[in-house]
1. Got a sec? Which of 100, 84 is part of a loop (DSSP other than H, G, I, E, B), on the phi < 0 side of the Ramachandran plot, touching a strand residue (DSSP E or B) at 6+ places or on another chain (Cβ under 9 Å) and not polar (S, T, N, Q)?
2. Taking segment 115-133 as the search range and keeping residues that are free of Cβ contacts under 8 Å to residues at least 60 places away in the same chain and open to solvent by less than 70 Å² (accessible area, probe 1.4 Å), which one is farthest from residue 150 (Cα to Cα)?
3. Give segment 25-49 a look and list any residue that's touching a strand residue (DSSP E or B) at 6+ places or on another chain (Cβ under 7 Å) and over 24 Å from residue 116 (Cβ atoms), or say none.
4. Tell me the residue from 146, 104, 79 that is in contact with a Phe, Trp or Tyr (Cβ under 7 Å, 6 or more places away or on another chain), under 23 Å from residue 18 (Cβ atoms) and modelled with pLDDT under 95, please.
5. Do we find a residue being open to solvent by 30 Å² or more (accessible area, probe 1.4 Å) and more than 25 Å from residue 169 (Cα to Cα) anywhere in segment 210-220?
6. Taking segment 149-167 only, how many residues are of a type outside the set (D, E, K, R) and either surrounded by 15 or more Cβ atoms within 10 Å (Cβ to Cβ) or at pLDDT 75 or above (or both)?
7. Considering only segment 174-185, I want to know if a residue exists there that is of a type outside the set (A, V, I, L, M, F, W, C), within 22 Å of the chain's Cα centre (by Cα) and open to solvent by 50 Å² or more (accessible area, probe 1.4 Å).
8. Scan 58, 5, 112, 98 and give me the residue that is open to solvent by 60 Å² or more (accessible area, probe 1.4 Å), farther than 20 Å from residue 145 by Cα and among the basic types (Lys, Arg).
Amino acid sequence: MIFIKISDLIYVSECNIQNIDGVDTGSLRPDGRSDYHILYIVKGSCFVNLHGKEYEVKEDSIILYLPYEYQEYTYKKEIKTKSYFVHFQGSICESLFKDYDERIMYIGKNAKTERLFESLVEEHQLKMMGYEEICSSLLLTIISYITREKNCISKNLNTSSNEKIAEACAEIRRNYYKVFLISDYAKMYNMSISRFSHLFKHMTGTSPNKYVNEIRIEKAKEMLINTNYPICEIAQRVGMQSQSYFSKNFKKHTMYSPIEYREMFK
């Protein structure tokens with residue numbers, strides 16, 4: 001078996017945090033750099049020259065430069081600004097950014113993204129054993145969050161909606177064994193049933209009913225392997241009152257009956 005390291009696919013060459021206060025600074029690279037470059041504006045503003053026009057990029061925004069793209073940006077001394085930057089390269093970068101037509105993207109306030117950048121900078125500076133793989137993993141997670149927010153905004157889905165669906169998913173996971181009604185969750189988050197279902201499928205890739213069913217099947221697998229509960233009791237514990245329905249549903253998703261699945265792990 002061939003083992004591929006994440007750092008072979010995407011590699012962080014440089015990253016840091018910048019706190020700008022009382023001094024003009026920035027960068028001018030007419031021919032760009034040979035790697036990819038992300039700037040994350042957490043506080044304040046960055047002034048970017050793009051196609052001959054200056055844009056004020058305010059907080060909670062991302063600036064993306066592809067290899068060999070013209071780069072010109074300035075931080076002004078009268079504006080207290082906090083930003084992160086990361087330079088990286090790798091074989092998967094082109095595919096990660098193939099749908100990124102914009103170079104300036106507002107992604108909204110997201111504490112998780114800032115914490116990830118903080119961790120990335122810390123790991124890269126400490127350079128402890130295995131830091132390259134950790135940095136690559138953190139960067140991939142950051143890019144995934146950026147892509148998620150970009151897609152939400154392009155579909156007019158705000159950060160608040162994103163957070164509500166994340167809360168709903170957590171609530172469903174805690175209460176998967178209870179009677180599940182979409183109407184209850186829609187009401188809980190002040191949405192219509194159709195709006196809740198639409199947002200849920202966009203954020204998770206599946207419907208609310210399929211989501212809870214997948215959780216129940218996974219929990220049932222755990223019980224079949226790790227307990228001696230009768231099949232009927234497992235059905236009840238995962239929220240399926242009918243043993244026949246549970247068995248049929250389980251086989252549909254795993255290709256094995258509950259009994260056959262349990263026998264495989266004896």
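The values are calculated or read from the model by the stated rules, or taken from the named source; none is laboratory data. Because the structure is predicted, anything quoted here is derived from the model rather than measured. Glycine also receives a Cβ, built like all others from the backbone with ideal geometry; neighbour counts cover every protein chain displayed. Side chains are part of the model used for accessible areas, which takes the heavy atoms of the whole protein and leaves out ligands, DNA and RNA. Shrake-Rupley method; radii C 1.70, N 1.55, O 1.52, S 1.80 Å.
1. Details: 84 fails: part of a loop (DSSP other than H, G, I, E, B).
Going through 100, 84 in turn, just one is part of a loop (DSSP other than H, G, I, E, B), on the phi < 0 side of the Ramachandran plot, touching a strand residue (DSSP E or B) at 6+ places or on another chain (Cβ under 9 Å) and not polar (S, T, N, Q): 100.
2. Of everything passing the filter in segment 115-133, 130 is farthest from residue 150 (Cα to Cα).
3. Hits for segment 25-49 are 25, 26, 28, 29, 32, 47, 49.
4. Details: 146 fails: in contact with a Phe, Trp or Tyr (Cβ under 7 Å, 6 or more places away or on another chain); 79 fails: in contact with a Phe, Trp or Tyr (Cβ under 7 Å, 6 or more places away or on another chain).
Going through 146, 104, 79 in turn, just one is in contact with a Phe, Trp or Tyr (Cβ under 7 Å, 6 or more places away or on another chain), under 23 Å from residue 18 (Cβ atoms) and modelled with pLDDT under 95: 104.
5. no
6. In the first step, residues of segment 149-167 are kept if they are of a type outside the set (D, E, K, R); the result is 151-154, 156-162, 165-166.
Those still in the list that are either surrounded by 15 or more Cβ atoms within 10 Å (Cβ to Cβ) or at pLDDT 75 or above (or both) too: 152-153, 157, 159, 161-162, 165-166.
Residues flagged as of a type outside the set (D, E, K, R) and either surrounded by 15 or more Cβ atoms within 10 Å (Cβ to Cβ) or at pLDDT 75 or above (or both) within segment 149-167 amount to 8.
7. Step one: of segment 174-185, the residues of a type outside the set (A, V, I, L, M, F, W, C) are 174-178, 183-185.
Now restrict to residues that are within 22 Å of the chain's Cα centre (by Cα): 174.
From the residues that got through so far, the ones that are open to solvent by 50 Å² or more (accessible area, probe 1.4 Å) too are 174.
Checked segment 174-185: at least one residue is of a type outside the set (A, V, I, L, M, F, W, C), within 22 Å of the chain's Cα centre (by Cα) and open to solvent by 50 Å² or more (accessible area, probe 1.4 Å).
8. Details: 58 fails: farther than 20 Å from residue 145 by Cα; 112 fails: farther than 20 Å from residue 145 by Cα; 98 fails: farther than 20 Å from residue 145 by Cα.
Going through 58, 5, 112, 98 in turn, just one is open to solvent by 60 Å² or more (accessible area, probe 1.4 Å), farther than 20 Å from residue 145 by Cα and among the basic types (Lys, Arg): 5.
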